[in-house]
Amino acid sequence: CSLFLTTYEMPRHLELVCAALEHQSVRDFEILFCDDGSGEETARVIRDFTARSGFKTQHVWQEPAGFRKCRILNQAARVAQGSTYIFLDGDCVPHRHFIRDHLELQESGRFLAGRRVELGRELSESLTPETIRNGYFDFPRPSLIRSALQGETDFLNRTVRIPSSRLRKLLGMEKIADLKGCNYSVPREALEAINGFDEQYEGYGREDTDVELRLTHLGLKIKSLKGVALQFHVWHPRREFTPANDQ
């Protein structure tokens with residue numbers, strides 16, 4: 001598979017994500033760093049990770065000119081080699097079995113959609129690449145639970161991996177409302193059939209909804225990854241949605 005990892009000027013967050021990729025339970029995938037115009041510090045993080053990890057990587061970069069995620073994703077799709085495309089944002093730390101779950105749960109006629117935990121600021125600032133490589137997110141740690149009980153971290157229920165499809169169904173986790181751009185996967189041929197991403201979307205927001213709608217019109221159905229393919233969003237100030245994209 002090909003992992004599309006989007007980033008822009010968040011080198012510390014990217015270092016944490018890269019540490020989690022080193023900790024993945026499967027390693028047979030390429031990583032496309034989809035860089036929307038970051039500077040040298042991000043390039044250094046990518047170079048160091050590539051040298052250290054041994055993964056096949058490509059740093060796909062474009063000139064900074066505002067939020068142009070769709071354009072950089074299309075650039076990466078032109079050089080990707082995998083038959084399954086997995087999408088991850090550079091501020092979302094994946095669970096150890098993130099890639100494995102996306103691969104093992106592929107199903108004909110489906111695109112897969114997961115969710116994420118929203119980490120609080122204090123917990124986010126305490127994270128280091130070393131703690132993540134050592135398995136901090138493998139299961140809910142006391143500090144993570146404490147952060148949730150204090151009202152800082154949201155969606156504590158999403159910190160527990162539930163690999164049993166029967167149990168997920170029993171818990172009502174087989175239904176999901178929509179696709180989030182930080183955690184989904186599609187067959188390569190499906191993304192090619194809809195001609196990739198719509199580059200008219202510039203500025204933050206709704207480009208993932210557009211992809212979901214076009215995949216649905218293509219005839220694919222959404223498949224829930226609730227309880228698996230876990231990921232943890234590292235805190236940062238929120239961006240505002242672009243009104244034109246909403247429209």
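Pick from S124, S224, S143 the residue whose mean-square fluctuation is largest in a GNM of the chain, springs joining Cα atoms under 10 Å.
Looking only at S124, S224, S143, the largest GNM fluctuation is found for S143.
Roll a 1.4 angstrom probe over the protein heavy atoms and tell me the percent of accessible area of the range 110-180 that is carbon or sulfur. Walk me through the numbers before you get to the answer.
Working: 2190 of 4150 Å².
After summing per-atom areas, the C and S share lands at 53 percent.
Take the solvent-accessible surface of the protein heavy atoms, probe 1.4 Å, and return the percent of it on the range 45-92 that carbon and sulfur atoms account for. Mind dumping the intermediate values first?
Details: 1020 of 2110 Å².
Ligands and nucleic acids excluded, carbon and sulfur reach 48 percent.
By how many nm would the segment from R121 to L218 lengthen if fully extended, with 0.36 nm per residue of separation less the alpha-carbon distance?
Details: separation 97, 0.36 × 97 = 34.92 nm, distance 3.97 nm.
Contour length minus the Cα-Cα distance gives 30.9 nm.
Counting only heavy atoms of the protein chains, get the accessible area per residue of the chain (1.4 Å probe) and round it to a whole Å² value.
Numbers: 11710 Å² over 247 residues.
It amounts to 47 Å² per residue over the chain.
Once R0 is set to 25 Å, what does the formula 1/(1 + (r/R0)^6) return for the Cβ-Cβ distance between I162 and E30, expressed as a FRET efficiency to the nearest 0.05?
On the way: r = 28 Å, r/R0 = 1.13.
Using R0 = 25 Å, I get an efficiency of 0.30.
Taking N as the number of residues in the range 164-212, what value does Rg over Cα atoms divided by 2.2 N^0.38 Å take? Intermediate results must be reported in sequence, preceding the final value.
On the way: Rg = 14.3 Å, N = 49, 2.2 N^0.38 = 9.7 Å.
In units of the 2.2 N^0.38 Å rule of thumb, it is 1.48.
Go ahead and set up a Gaussian network model of the chain, Cα springs under 10 Å, then flag whichever of I99, I72, I145 fluctuates most.
Top of the fluctuation ranking is I145.
Using a 10 Å Cβ count of at most 14 others and DSSP loop calls, identify the longest part of the chain lacking such GluC sites (Glu not before Pro). Mind dumping the intermediate values first?
Working: sites that count: E107, E174, E199, E240.
Looking at the chain, 1-106 is the longest stretch - no exposed GluC sites (Glu not before Pro) with at most 14 other Cβ atoms within 10 Å.
Counting alpha carbon pairs within less than 8 Å and at least 6 residues apart, what relative contact order, in whole percent, applies to the chain? Kindly include the intermediate steps, with their values, before the conclusion.
Numbers: 476 pairs, mean separation 68.7, N = 247.
Relative CO of the chain lands at 28 percent.
Residue farthest toward the positive end of the dipole of the range 1-114, with Cβ of Lys/Arg at +1 and Asp/Glu at -1: which of S2, I72, H13?
S2
Over the alpha-carbon set of the chain, divide Rg by the Kirkwood Rh and report the Rg/Rh ratio to two decimals.
Rounded to two decimals, Rg over Rh is 0.93.
What trypsin sites (Lys or Arg not before Pro) in the range 66-124 are in a loop by DSSP, with at most 10 other Cβ atoms within 10 Å of the Cβ?
Values: sites: R68, K69, R71, R78, R96, R100, R110, R115, R116, R121; in loops: R68, R78, R96, R115, R116.
Of the trypsin sites (Lys or Arg not before Pro), the ones in loops of the range 66-124 whose Cβ has at most 10 other Cβ atoms within 10 Å are R78.
Grab the DSSP H runs of the chain that are 4 residues or longer, score each as -39,500 (n - 2.57), total them, divide by all residues and round the 222 nm result to the nearest 500 deg cm²/dmol.
Working: 11 runs with 89 residues, N = 247.
Helix-only estimate at 222 nm: -9500 deg cm²/dmol.
When the chain is treated as a GNM, springs tying every alpha-carbon pair under 10 Å, which of G135, G181, G54 comes out with the largest mean-square fluctuation?
Of G135, G181, G54, the Gaussian network model singles out G54 as fluctuating most.
Rounded to the nearest 20 Debye, what is the dipole magnitude of the chain about its Cα centre when Lys and Arg each give +1 and Asp and Glu each give -1 at the C-beta?
1020 debye
For the range 175-247, what mean projected area does the convex hull of the alpha carbons give, in nm²? Write out the running numbers ahead of the final one.
Working: hull surface 23.9 nm².
Computing the convex hull of the Cα atoms and averaging its projections yields 6.0 nm².
Could you tell me the distance between the Cα centroids of the range 88-105 and the range 131-152, to the nearest Å?
Result: 17 Å between the Cα centres.
For the range 167-233, run through the trypsin sites (Lys or Arg not before Pro) and keep only the ones in DSSP coil with at most 15 other Cβ atoms within 10 Å of their Cβ.
Values: sites: R168, K169, K175, K180, R188, R206, R214, K221, K223, K226; in loops: K175, K180, R206, K226.
Of the trypsin sites (Lys or Arg not before Pro), the ones in loops of the range 167-233 whose Cβ has at most 15 other Cβ atoms within 10 Å are K175.
Figure the gain on full extension for E189 and H236 (residue separation times 0.36 nm, minus the Cα-Cα span) and round it to one decimal in nm. Don't jump to the answer; show the numbers that get you there.
Working: separation 47, 0.36 × 47 = 16.92 nm, distance 3.44 nm.
Between E189 and H236, full extension yields an extra 13.5 nm.
What whole-number volume per residue, in cubic angstrom, does the convex hull of the C-alpha atoms of the range 106-151 give?
Numbers: hull volume 5.3 nm³, N = 46.
It is 116 Å³ per residue.
Quick check: convex hull over the Cα atoms of the range 75-143, volume per residue in Å³, rounded to an integer?
135 Å³
Only four residue types carry charge here, +1 at the Cβ of Lys and Arg and -1 at the Cβ of Asp and Glu. Report the dipole size of the range 172-247 about the Cα centre in Debye, rounded to the nearest 20. Each step should come with its number before you reach the end.
Numbers: 10 positive and 13 negative charges, 93 e Å.
It comes to approximately 440 debye.
May I ask you to list the residues of the range 128-143 whose amide nitrogen lies under 18 Å from a point 7 Å from Cα along the Cα→beta-carbon direction of E22?
In the range 128-143, the label zone of E22 (backbone N under 18 Å from the point 7 Å along Cα→Cβ) covers 128-138.
The values are calculated or read from the model by the stated rules, or taken from the named source; none is laboratory data. The structure presented is a predicted model; accordingly, all values stated were derived computationally and were not measured. Cβ coordinates were reconstructed from backbone atoms using ideal geometry, including for glycine residues, and neighbour counts include every protein chain displayed. The area values use the complete protein model at the heavy-atom level, side chains included, leaving out ligands, DNA and RNA. Shrake-Rupley method; radii C 1.70, N 1.55, O 1.52, S 1.80 Å.
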